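The values are calculated or read from the model by the stated rules, or taken from the named source; none is laboratory data. Quantities reported herein were computed from a predicted structural model and do not represent experimental measurements. Positions of Cβ are backbone-derived with ideal geometry, glycine not excepted, and every protein chain shown enters the neighbour counts. Protein only, heavy atoms only, side chains kept; ligands, DNA and RNA dropped before computing areas. Shrake-Rupley method; radii C 1.70, N 1.55, O 1.52, S 1.80 Å.
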Amino acid sequence: MAKDLGQHQFTYAVITDTHVNFGETECNSEFEINKRANGRMRHVIGDLNNRDLAFVIHLGDIVHPVPALPDLYEMAADCFREEIAQLRHPLHLVPGNHDIGDKPITWGPGGVECDEYIKLWKKNFGAVYHAFDHQDCRFIQIDSQLINSGLTAEDEQKAWLEGEMAEATKAGKRIFINTHYPLYLTDFDEDEHFDNLAQPGRSWLLDLMERHGVEAQFSGHVHNFWYNRYGVTDCYALPSTAFVRQDYAEMYRAAPLPGTEGGRSDLAKLGYFVVQVFEHGHFCEWIRTFGTVAEPGSPDDVQVDCVAPVHPLQNRNPRFGFDMRQNWLEVIEIPPSGSLDEFDRKRTRNDYILMALIETGAARVRIPASDILDPGHRARLDECARHGFHFTLFSFGVPDARLLAAVKGAEGLVDIWEICDTDASLPAVADAASPVAKAAGISLYLSRVRTREDQVGAGGKYHHMIVHGFTPDDHDYIARAAEIGGIEGLVFRIEGGTSPWRAAGDATKALQGTGLKGSLHIRMTLGPPGLKQTDDNWVAERAAEAISAAAAFEDIHVYADTFADVDRGYYRRHGVVDRFCNPRPAFDVVRHLNGALASGHPFAPDGESQTVSLIGADGRRFDLLKGAEAPSGMSESQPGVLIDLGTGECVAIENGPGAPRKSGSGLRLWARDA
């Protein structure tokens, strides 16, 4: 949930696995995407130059040729130095296995770190390990490949690191550690594989981190994103700027798209981190570069004014969120690839779902009761809550003793519990659940399951599908539910043909005088279960209305009924990300609208407007414009700021919003003084 981070201190960037080649498009790899690494690194440098950064840290695999090929290695190092000469920020380097040799393994295809490779690194890049201070933080860069090596340099690094951390702790410094290899991917005691550190070195470093209360640990190597929490330490594994490790494409329940080299060229997963450091913590922003290539000699991109994204930790409107239909907490087994691992499966998670959720700024997710009953899922929820998420739990029927105990144990994690049952059973549900919910500080909401008779009686076609939730027209049912003690709200089902904005107003009116709040489930489908909804602009408009409604109606929570695509089964539909967790148009709209509305909370709806119009506490008005739609209640000469929700671009306009610009969704936000 939300955390008081205090004042912002500074910003820095972390890049990794640039894999610079020995020529602009000359490469000692058979994969086509690797030929573009130099141009992609050049683009990243230009992007970094456009940011206000204290410094940049590179987590290794600076070059692609390994030190066993010293001539190509030094040519690639020259190319890297030529490129970073254009970087306008201090740069700190960490050696990767392509730069100084693999960790000590006997099954790997590359050479392991040795004194010869260390000498080559020092000649081209400098110190193998080092530390520096910035404000009240100490940043420590180590050579993770030395760990367990038995080299003299390992003992030297170990003694140095223990001394650095002890001195930093004594001085009251916050500690950030940077390595190339992740310490582990999923479990701190997992078996060794190509992408983690072996014992006993792993436990030594973890114990050292725990002893000194390390705030964060960053690593590269895996060319994908993972987040773990060890003690008080946030552990991040970062994507590459150059290419994706395609062995991990097994995380997705979809075949790699044609032209992606088996997932290696999944361009939406390329990028780097910007780290925002505050008085009482930090958070990371992922900058997607989408594999953009800058040619030699090309100027840096011209900066345009864009809406700043909001992190869930800073989103003051936690009433909008997503129904997490797919299992985003599960552990997946990656089969042996025959390349980097061959002798066992690797256990991991698909954390791109977590990363995408963070990017949108949405601060609420809706989860089934099984997620707090499963010990592994429950532990993972605690870790995810560190990023500012509020959790809404849902279940069916009178809760049993096991679920009641789990809810009691979720105090401080879950703040809303939705329970569905038949009308006749709802009083019994409340009797069983409300004492536990109240004791745990959890708000209890009820939902009615709609019977076959309800659907036929309402003129609907019977599809043998579950339908639950009240409607604003259920006056008698709402009145009876309001008499049930111990509840704080009711769940409403909003069909695809109904505007989320208008539904929020109707639900508010239906609940008037009951003292209850509303939870709106926004269906992202139209028609019967056999149809498919793939109109991305429709999804984006619906999501934008849902966010606006959650911001404007203070007693209403709003949930879009899927985050990722549902591309098989019933009610097939697009989400805000596809099955590879890559952005769809609605993703950008959600991200930019959350960011734009972050500055004006709290809001109220403009009661006189027939369109989506919010009035902020500071008196500013925000109108959601669709296509050529004009704002209500204003003159064409009124100045304001026009935000393209597809691109995030902000333009100051003196004479009204005018005609829409051609961008992804066609959605705009018009912000002006009332």
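Values for this structure:
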{"quantity": "Counted residues, segment 225-248 - those being more than 18 Å from the chain's Cα centre (by Cα) and either among the acidic types (Asp, Glu) or over 24 Å from residue 383 (Cα atoms) (or both)", "calculated": "5"}
{"quantity": "Residues satisfying the stated conditions in segment 155-186, i.e. small (Gly, Ala, Ser) and in a helix (DSSP H, G or I)", "calculated": "159, 163, 166, 168"}
{"quantity": "Where residue 632 falls short, out of the listed (1) part of a loop (DSSP other than H, G, I, E, B); (2) modelled with pLDDT of 75 or more; (3) open to solvent by less than 50 Å² (accessible area, probe 1.4 Å)", "calculated": "(2)"}
{"quantity": "Options 265, 203, 240: the member that is under 19 Å from residue 578 (Cα atoms) and among the polar types (S, T, N, Q)", "calculated": "265"}
{"quantity": "Residue tally, condition open to solvent by 20 Å² or more (accessible area, probe 1.4 Å) and touching a helix residue (DSSP H, G or I) at 6+ places or on another chain (Cβ under 7 Å), over segment 127-137", "calculated": "2"}
{"quantity": "So residue 495, is it more than 24 Å from residue 465 (Cβ to Cβ), at pLDDT below 95 and surrounded by fewer than 19 Cβ atoms within 10 Å (Cβ to Cβ)", "calculated": "no"}
{"quantity": "Residue match in segment 14-36 (condition: closer than 27 Å to residue 176 by Cβ and either at pLDDT below 95 or among the small types (Gly, Ala, Ser) (or both))", "calculated": "no"}
{"quantity": "Of all residues in segment 328-373 being farther than 18 Å from residue 565 by Cα and small (Gly, Ala, Ser), the one that is most open to solvent (accessible area, probe 1.4 Å)", "calculated": "339"}
{"quantity": "Qualifying positions in segment 111-126 - assigned to a loop (DSSP other than H, G, I, E, B) and either in contact (Cβ under 8 Å) with a residue 60 or more places away in the chain or loosely packed, with under 15 Cβ neighbours inside 10 Å (or both)", "calculated": "126"}
{"quantity": "Filter result for residue 489 (touching a residue at least 12 places away in the same chain (Cβ under 8 Å), more than 23 Å from residue 615 (Cβ to Cβ) and open to solvent by 50 Å² or more (accessible area, probe 1.4 Å))", "calculated": "no"}
{"quantity": "Given (1) within 30 Å of the chain's Cα centre (by Cα); (2) charged (D, E, K, R); (3) surrounded by fewer than 22 Cβ atoms within 10 Å (Cβ to Cβ), number of the condition residue 167 does not satisfy", "calculated": "(1)"}
{"quantity": "Any hit, segment 577-590, residues being under 18 Å from residue 316 (Cα atoms), open to solvent by less than 20 Å² (accessible area, probe 1.4 Å), at pLDDT 95 or above and of a type in the set (Gly, Ala, Ser)", "calculated": "no"}
{"quantity": "Strands (runs of 3 or more DSSP E) wholly inside segment 254-362 that include at least 2 residues being at pLDDT 95 or above and more than 28 Å from residue 44 (Cβ to Cβ)", "calculated": "320-323"}
{"quantity": "Candidate set: segment 383-412, residues that are surrounded by 20 or more Cβ atoms within 10 Å (Cβ to Cβ) and touching a residue at least 60 places away in the same chain (Cβ under 8 Å); chosen: the one farthest from residue 559 (Cα to Cα)", "calculated": "387"}
{"quantity": "Filter result for residue 515 (open to solvent by 20 Å² or more (accessible area, probe 1.4 Å), touching a residue at least 12 places away in the same chain (Cβ under 8 Å), at positive phi and of a type in the set (Gly, Ala, Ser))", "calculated": "yes"}
{"quantity": "Boolean, residue 240 is open to solvent by less than 30 Å² (accessible area, probe 1.4 Å) and not in a strand (DSSP E or B)", "calculated": "yes"}
{"quantity": "Residue 528, sole failed condition from (1) under 24 Å from residue 359 (Cα atoms); (2) open to solvent by 10 Å² or more (accessible area, probe 1.4 Å); (3) not hydroxyl-bearing (Ser, Thr, Tyr); (4) not in a strand (DSSP E or B)", "calculated": "(1)"}
{"quantity": "Number of positions in segment 580-601 that are out of contact with any Pro (no Cβ under 6 Å at 6 or more places or on another chain) and part of a helix (DSSP H, G or I)", "calculated": "11"}
{"quantity": "The listed residue being touching a Ser or Thr at 6+ places or on another chain (Cβ under 6 Å) and either open to solvent by 30 Å² or more (accessible area, probe 1.4 Å) or within 17 Å of residue 363 (Cβ to Cβ) (or both), out of 571, 559", "calculated": "571"}
{"quantity": "Number of positions in segment 549-577 that are part of a loop (DSSP other than H, G, I, E, B) and either more than 23 Å from residue 647 (Cα to Cα) or touching a residue at least 40 places away in the same chain (Cβ under 8 Å) (or both)", "calculated": "14"}
{"quantity": "Number of positions in segment 187-214 that are open to solvent by less than 30 Å² (accessible area, probe 1.4 Å) and in a loop (DSSP other than H, G, I, E, B)", "calculated": "8"}
{"quantity": "Residue satisfying all of: in segment 146-164; farther than 20 Å from residue 176 by Cα and aliphatic (A, V, I, L, M); most open to solvent (accessible area, probe 1.4 Å) among these", "calculated": "151"}
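Residue-by-condition table, conditions (1) within 30 Å of the chain's Cα centre (by Cα); (2) surrounded by 24 or more Cβ atoms within 10 Å (Cβ to Cβ); (3) more than 23 Å from residue 218 (Cα to Cα):
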residue: 37; (1), (2), (3): yes, yes, no
residue: 46; (1), (2), (3): yes, no, no
residue: 51; (1), (2), (3): yes, no, no
residue: 76; (1), (2), (3): no, yes, yes
residue: 84; (1), (2), (3): yes, no, no
